[in-house]
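What follows is one structure encoded as structure tokens, with my remarks underneath.
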Amino acid sequence: MEVTMTENVQFPIGCSLDQDSPLVDACRDGDAAAFEQLVKRYDVRLFSIAQHITHNREDAEDAVQDAFLKAFRNLSQFRGNSQFSTWLIRITVNESLMKLRKRRSIREVSIEADFEVAEHASPFAIADWAPNPEQQYGALELRNILRNQLQELQPPNLRVAFVLRDIEGLSTEEAAEVLQLTVDAMKARLRRARLKLRQLLTTYFGVRSHRADPARASV
């Protein structure tokens, strides 16, 4: 079965069970047209998630394609205990992480990998940004900078948490359900992701500032 990606059609991830259930039931009965409607409902949003995780358009397209195919073949495993969109995002995230594993030869990248924030970890040194980077570079360039620095955010499970919550706008509870974490664990992971990303951005803007001011760099 080939999944055809659509463009400029986006439905919110939080579509209710009532909206998806008739289509899911029809898919289980072999209705391919019903599945195409689900693809049109979610493919743009899933592609956005996959691209933010993989930072590679081709990998993102493949991840979404594979996720839809896996979902179609395993609809019998969807019990309806959560929203269909949550289940679909979880598959997409896993497929995206698999692309990362293959591309970067990472030995172990798993959405289910335990992540614990060390209780006695040294606090991050976060510098104030002056001038405000959005004022300095403009909103568009700032988004590009954020996208590039997000690619450096490691391990990938931190990137996933940030993408789901702060870029795609899922609630903490929704993101926790996607990642099969407790809400407290999700909050801890997200806090760690934000701190690490802010550290990356602080370093980036510090380097840019020194390059722009050679006299300051020589001090």
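What does the accessible area per residue of the stretch 15-78 come to in Å², with a 1.4 Å probe and no ligands, DNA or RNA counted?
That works out to 45 Å² per residue.
So, by mean Cβ neighbours within 10 angstrom, what's the order for 168-177, 29-38 with the highest one leading?
Ranked by mean Cβ neighbours within 10 Å, highest first: 168-177, 29-38.
What's the carbon and sulfur percent of the stretch 55-103's accessible surface, probe 1.4 angstrom, rounded to a whole number?
In the stretch 55-103, the share of accessible area belonging to carbon and sulfur is 38 percent.
Out of 54, 88, 78, whose Cα points farthest toward the positive end of the dipole of the stretch 38-100 (charges: +1 Lys, Arg; -1 Asp, Glu; placed on Cβ)?
The residue sitting farthest along the positive end of the dipole is 78.
Which order do the peptides 92-98, 51-57 come out in when sorted by mean C-beta neighbours inside 10 angstrom, highest first? Please list the in-between numbers first.
On the way: 92-98: 23.6, 51-57: 19.1.
Ranking the peptides 92-98, 51-57 by packing returns 92-98, 51-57.
Just to confirm a number: summing +1 for Lys and Arg and -1 for Asp and Glu over residues other than residue 171 whose beta-carbon lies under 13 angstrom from that of residue 171, what do you get? Kindly include the intermediate steps, with their values, before the conclusion.
Numbers: positive: 165, 187; negative: 166, 168, 173, 174, 177.
Here the count lands on -3.
The values are calculated or read from the model by the stated rules, or taken from the named source; none is laboratory data. Everything numeric in this text was worked out from a predicted model, so none of it was measured. Glycine gets a Cβ as well: all are built from the backbone with ideal geometry, and neighbour counts include every protein chain shown. Areas reflect the complete protein model, heavy atoms only, side chains present, ligands, DNA and RNA absent. Shrake-Rupley method; radii C 1.70, N 1.55, O 1.52, S 1.80 Å.
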